[in-house]
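Structure record follows, encoded as structure tokens.
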Amino acid sequence: MLGGMTTRPPSVDHVLRSPPGAAAVARFGHTAAVAAIRAAVVRVRAGEIAAAAVAETALAALEAAAQPSLRPVLNLTGTVLHTNLGRALLAEPAISAAVGAMRGPATLEFDLATGGRGERDDHVRALLCELTGAEDAIAVNNNAAALVLALAALAAGRETIVSRGELIEIGGSFRLPAIMESAGTRLVEVGTTNRTHARDYEGAIGPATALVMKVHTSNYRIEGFTAEVAPRDLAALAHARGVPLLDDLGSGTLIDLTRHGLPRERTVGDAISDGADIVTFSGDKLLGGPQAGFIAGRRDLVARCAKHPLKRALRLDKIRLAALEATLKLYRNPDRLAETLPTLRLLARPVAEIQAMADGLAAPLAAWAGEGWAAEVIDCQSQIGSGALPVETIPSAGIALTPPAGTSGAAVEALAARLRGRVVPVIGTIRHGALRLDLRCLEDPSALLAQLT
Ligand SMILES: *Cc1c(COP(=O)(O)O)cnc(C)c1O
């Protein structure tokens, strides 16, 4: 024991020579160990810790600092594509492809047939065209980037017409008017919040019009006395005046989700066949791949986007391109997609299976929470998340942890914090004075049980 029960701090040298001090040097290096011991000594002088605790305090501080900041968690929020928790989980073939691309050189911009220069978009171009019916397609950093690039390449210095019912904000930093301004196109708003008619668009199209734009109202729905122009009619109307239609689909699914018991969502193929000249959509929402954004559509327009200087600033790296190619290839076998693509697998999970898992986890959770806590199996409503199908929810099951009678709401907050403090943090939601854990995204119960020991 260093320093015994005295309050006089030990010397740094003394601690460094002790077994825990030597261990700290071996694991974290001399410089970091000395700094951590000095910081612990300061805390002894301040009366915050005992002199005997210097070595272990220093070691704990070094271990805490060595923890990664970006850590895996268990998402029990019930939101499958949770933006703050990293959206889609990658499929195994995508993970292997990404790891392969990370470990060594790859044919990122290299043509094996000719031995000459290749194009990075060629790794996904043909697949995207095959899966969407588009003539051409490119990939960039995310859908926000796809929009900025498409607007800058096709409408800078000119006007883009959008319905007032579609001027969306997706999270604080993505507001459509701001995106348009940064791309250098003038926003021309038409119609009203709840009703926009064909004549509104027709009246706004003029010599300065570069694009008519349709935006998926991803995270809200306007209901009641409403009117909007159907995508097919909007395309015809724009084409009659020689103006292309850009359709920002947001999530952009590639398959008919109703086949998997999920609510209907327009596919990228629908948008193309309805006449959109350019469609933009995300890689890490319903598509289930890495973060990416796509510009798909008419060959001449996609080529203008590909040649714009911003493309270079927004392009994808080899790791994500490898994961993306592998993810898109899974779509060639749509019958197996509900097994192979984690996003779809989680969304399509039968509620009975989730309920059975909840039944088995209630008792261990109640025991872990402590004296007086109740763990009840409850019905939940999972959300798809990331602005896909905002109103529709998917029936699910989970566990509500209710504090002992007479305790305040602070007890629930404290329990939530305790779960977040596990080696693999467990993230739930607090509602109606209880901590709710929706188990839709927990495929292996032992992953949760391991955090309760
Ligand atoms: C999510 C979304 C975006 C932004 O996509 P990111 O991939 O997050 O950049 C843009 N438009 C719509 C309609 C969306 O739903």
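The values are calculated or read from the model by the stated rules, or taken from the named source; none is laboratory data. All of these numbers come straight from a predicted model, not from anything done at the bench. When we count neighbours, we look across all protein chains shown, and the Cβ atoms used for this are built from the backbone with ideal geometry, even at glycine.
Taking the stated definitions as given, is I49 surrounded by 13 or more Cβ atoms within 10 Å (Cβ to Cβ), touching a Ser or Thr at 6+ places or on another chain (Cβ under 8 Å), among the aliphatic types (A, V, I, L, M) and not assigned by TED's automatic domain parsing to the domain that holds V426?
Yes; evaluated as a whole, the condition is true for this residue.
Among residues belonging to segment 415-453 that are touching a residue at least 12 places away in the same chain (Cβ under 8 Å) and small (G, A, S), point out the one that is nearest to L81 (Cα to Cα).
G428
Out of L89, L70, L85, which single residue is exposed (fewer than 11 other Cβ atoms within 10 Å of the Cβ), at pLDDT 95 or above and within 16 Å of the chain's Cα centre (by Cα)?
Only one candidate passes the filter, namely L70.
Within segment 124-164, which residues are part of a loop (DSSP other than H, G, I, E, B) and among the polar types (S, T, N, Q)?
N141, N142
List every residue pair whose Cβ atoms sit under 7 Å apart, with the two residues 6 or more apart in sequence or on different chains, where the first one lies in segment 230-247 and is modelled with pLDDT of 95 or more and the second, anywhere, is in a strand (DSSP E or B) and among the charged types (D, E, K, R).
P231/K214; P231/D247; L234/K214; L245/K214; D247/K214
Those residues that are assigned to a loop (DSSP other than H, G, I, E, B) and either farther than 21 Å from R221 by Cβ or more than 12 Å from the ligand (Cβ to nearest atom) (or both), I need them from segment 169-190; list them, please.
G172, S173, A183, G184, T185, listed by residue number.
Of all the residues that make up segment 269-302, how many are free of Cβ contacts under 8 Å to residues at least 24 places away in the same chain and among the basic types (K, R)?
Residues that pass the stated criteria total 0.
The rows are residues; the columns are (1) part of a strand (DSSP E or B); (2) surrounded by fewer than 22 Cβ atoms within 10 Å (Cβ to Cβ); (3) free of Cβ contacts under 8 Å to residues at least 24 places away in the same chain.
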residue: E376; (1), (2), (3): yes, yes, no
residue: Q381; (1), (2), (3): yes, yes, no
residue: S396; (1), (2), (3): yes, no, no
residue: G406; (1), (2), (3): no, yes, yes
residue: A411; (1), (2), (3): no, yes, yes
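Being in the same structural domain as L314 (by TED's automatic domain parsing), part of a helix (DSSP H, G or I), of a type outside the set (D, E, K, R) and within 28 Å of R422 (Cβ to Cβ): is that true of A98 here?
yes
From the list T402, T343, which one is out of contact with any Pro (no Cβ under 7 Å at 6 or more places or on another chain) and away from the ligand (no atom under 16 Å from the Cβ)?
After ruling out the rest, the residue left standing is T402.
Return the total of residues in segment 36-85 being in contact with an Asp or Glu (Cβ under 8 Å, 6 or more places away or on another chain) and either away from the ligand (no atom under 16 Å from the Cβ) or closer than 28 Å to V12 by Cβ (or both).
Final tally of qualifying residues: 3.
Pairs needed: first member in segment 82-96, hydroxyl-bearing (S, T, Y); second member anywhere, within 16 Å of the ligand (Cβ to nearest atom); C-beta distance under 6 Å; at least 6 residues apart or different chains.
Going by the 6 Å Cβ cut-off, the qualifying pairs are T83/S386.
What's the number of the condition I272 fails, among (1) over 24 Å from R315 (Cα atoms); (2) more than 16 Å from the ligand (Cβ to nearest atom); (3) in contact with a helix residue (DSSP H, G or I) (Cβ under 8 Å, 6 or more places away or on another chain)?
Just one mismatch for I272, condition (1).
Mind listing just one residue for me: the one in segment 386-426 that is touching a Ser or Thr at 6+ places or on another chain (Cβ under 6 Å) and of a type in the set (A, V, I, L, M, F, W, C) and, of those, modelled with the highest pLDDT?
Checking each candidate, the answer is I394.
Examine segment 104-123 for a residue that is closer than 21 Å to H216 by Cβ and part of a strand (DSSP E or B), and state whether such a residue exists.
No, the conditions are met nowhere in segment 104-123.
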